[in-house]
Amino acid sequence: MKFASIKLLIIFLATLGISPISNKLLAQNNTAPVIPVEPTVVDPDVQIDLLLLTDETAIQVIDLLEQMTGKIILRRQDLPPTKINFNSRGPIKKSEAILALESLLSLNGIMLTDMGGRFLKAVPASNPSSQVPNMLPGSSFELPASQQVYAKLFKLNYLVADQTTLSLINPLLSPNNSLITFPKSNALLITDSLINLQRIETILKENDQPQVIREHVEFIKLKFVQAKDMESQLRSLIDGSLKSYLQGNSSITIDERTNQLILVTHPGNLALIQSVIDNIDIDAAPLTASEVFPLKQAKAEEVVKIIDEIITGQRKGREDDAKTAKNDQPKTDTPENLKVSDASEQTNLSSNASLQFSEFVGLSADERTNSIVAYGTQQDLKTLETLIEKIDIPLPQVRIEAIITEVGLTENQNSGLSTFEVLFQDNNSPTLPGDDILSLTNKILSTGDNPILFEGGKLSLRAILDITETESNVKVLSTPSIVVSHNEEGNINISTSRPIVTGSQSSTINSTSVRSSIEYRDIGIELNVTPLIGADGSVQMEIEQSADTYSEEDDVTLDQNKLPVIGKRTANSTITVDDGEIAVLAGLQKNTVTDSRTIFPLIGRIPLIKNIFSPRGPKYARSELIIFIRPTVIRNSRQSDELNQNILDKYEEGKTIKKYLETGTIRDIYMEGSRLSPKKKED
């Protein structure tokens, strides 16, 4: 096989007009033939019938290359051992054959460098720059393409000798190359085969040009949408559905001061982006809005508290639904599980959509104007308006009239209710004896039954007052009348504010003195009533009653301070009566002890013997607090006016008050029918 290859080489050389060595030398030596080199003129267009190399060494190929180029190739002794094969498969030009042989040497780690004149150098291609290759001063295209290694300095005018430019050139370099950057002079020194240098020069020539601005810069002023929000919308389109059209050639920045978009894009994209902006930047109703709801009857802070509880409950429901859906979601992403997940998500969305309020709703109370400031979607505000209208309604009121009496009890009386026995009778039954009334009252108070005592359903407060006028042991302490709203507390306080010593401090700077601290405390009768009006007209009343007494006779002295003894009587009850009926509260009794003297007529006044016939001794007295309460439901202003007129009719001054309310003056009222002079009346 070796001899056949050599024969082909000889045939090839014969076609070049070169005398081969004798067949005898070829038969005696297995090395490449030694061919006398003679100067020849290399014609690159000479046609070669066939170029066939079979397992040739690098030395044999270099020898052949010498014959073809007419140059002397200096070679190092450490050239890598190779076996080179090549078949032109037909005629080939000499210039193409030279390029093929140089390329085969380069592929096998051997590079050729031009030393000038008739000499070439063949060296290992491991470090081409260290072999001092020839520098190409001009264009690499001045030489025919070859695999010979040269060094060329590329000076850049517009490109920058940085990593960006290197990433453009590196793919074009051969494995054994050298590339050095010179940032200050903005140049690249590349050592590579001539054919690669020619490609690099072509690429750099096309790219090292003044940058042509292909993109269009557009300033777009927005009218209704904030520039920041529009930028977010456009970026989502660039990175999403319009990625294939806009990504890489479109950029957006904003100027918040002028609310403008600065759009840089290809002119072909401008119409598309402008269309998106025009359709978004329109005068549309905002998603959320604010509104103030003034209240007429209810308190703003209480209404806000009620609605907040509803909103909080719905938000918690959303969170629970989301957690449940997340826990129930299948772990794997199979098509079947994805369908289940999508169905679950749609169910949750449908459930949330049916809720009253969205996630944007919020409200707060303005106590100064008694208004509710709310914000949310339009549907949220409509729902809030409906709720507020239903809550902010006038509550029914109750006029509570009371007669507070104190009944002095005799030794035989267990309760002061017997004093009013004439009132406690039914139209169809005789008057109950006092003991029966007391028995009935005690039963009512002990069993918790409603203490409603009436005469034919029409017990009159006037009748009670008539009895107090005829009974000397009955005192009317007060006849208050108040109006209280449903579920609001009404207070009746009949007391005297008295000073109570709360502390004392001694001082001995000049002389011993005591300085006391006091506070005032109401001593008397206090009645708190909270009515609840039922739909059937009944009135349930939560009643807290207390009666305090102040006794100076029982004072005690502590640290030189006289401290009074305060007696306290309290009772709490809940009763239900019909509209206009009277409830009786009794049982708060008080025992008093006084030091008294019994005086006999005439004898008891004689100075020497009066102490004998008028002895001193304690006197015991009992009294009971009895309160009559009548609630009257007021459902509208007309009914309230009628009740006020009825009250005025009961008083002698009622006519005068009515005229004053009608005229607004006092002079005419005093002059009309007055027994006193007008001037005195005016004074």
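Ordered from highest to lowest accessible area with the whole protein assembly present and a 1.4 Å probe, GLU367, GLU411 read as GLU411, GLU367.
Against the criterion of solvent-accessible heavy-atom surface with a 1.4 angstrom probe, PHE86, PHE420, PHE360 sort, most first, into PHE360, PHE86, PHE420. Ligands, DNA and RNA aside, LYS316 has an accessible area near 120 Å² when probed at 1.4 Å. For the peptides 142-148, 105-111, residues were scored by their other Cβ atoms within 10 Å and the scores averaged per peptide; the highest-first order is 105-111, 142-148. Here the label points at ASP321 and SER485, each 7 Å from Cα along the C-beta direction, are separated by 3.6 nm in the simple model. Largest accessible area first, the listed residues TYR150, TYR375 line up as TYR375, TYR150 when surface is computed with a 1.4 Å probe on the assembled protein chains.
Extension gain for the segment LEU270 to ARG214, taken as residue separation times 0.36 nm less the Cα-Cα distance, is 18.9 nm to one decimal. If you take all C-alpha pairs in segment 186-231, what percent of them are over 11 Å apart? Summing the P(r) tail past 11 Å for segment 186-231 gives 79 percent. Counting only the Cα atoms, segment 41-132 fills a convex hull of 87 Å³ per residue. So, R0 is 45 Å and r is the distance between the beta-carbons of GLU291 and SER236; what FRET efficiency does that work out to, to 0.05? E(calc), rounded to 0.05, equals 0.90.
The heavy atoms of ILE59 offer some 70 square angstrom of accessible surface to a 1.4 angstrom probe.
In this structure THR258 has an accessible area near 30 Å², from a 1.4 Å probe over the protein heavy atoms. Computed over segment 375-418, the Cα gyration tensor eigenvalues convert (square root of 5λ each) into semi-axes of 58, 10, 7 Å, ordered from largest to smallest.
Each listed q (0.13 Å⁻¹) maps to a log10 I(q)/I(0) for segment 149-287 from the Debye sum over equal C-alpha point scatterers, namely -0.71. For the pair GLU544 and ASP78, label points projected 7 Å from Cα toward Cβ lie 10.9 nm apart. For the pair SER364 and ILE282, label points projected 7 Å from Cα toward Cβ lie 3.5 nm apart.
Note on segment 62-214: along the principal axes its Cα atoms extend 53, 34, 28 Å, ordered by decreasing extent. Is segment 91-154 best put as rounded, prolate or oblate by its Cα gyration tensor, with a ≥ b ≥ c the root eigenvalues, rounded for a/c under 1.5, and otherwise prolate when a/b is larger than b/c, oblate when not? In terms of gyration-tensor shape, oblate. For PHE224, project a label point 7 Å along Cα to C-beta. Then give me every residue of segment 237-263 with its amide nitrogen under 19 Å of that point. The answer is 259-261, whose backbone nitrogens lie closer than 19 Å to the label point. Exceedance of the 30 Å cut-off in Cα-Cα distance is limited, within the set LYS475/LYS655; LYS223/LYS316; LYS83/LYS121, to LYS223/LYS316.
The values are calculated or read from the model by the stated rules, or taken from the named source; none is laboratory data. Model, not experiment: these values are computed from the prediction. Methodologically, a virtual Cβ is constructed for each residue, glycine included, from the backbone with ideal geometry; neighbour enumeration extends over all protein chains shown. The protein model used for the area step is the full one, side chains on, heavy atoms only, and it has no ligands, DNA or RNA in it. Shrake-Rupley method; radii C 1.70, N 1.55, O 1.52, S 1.80 Å.
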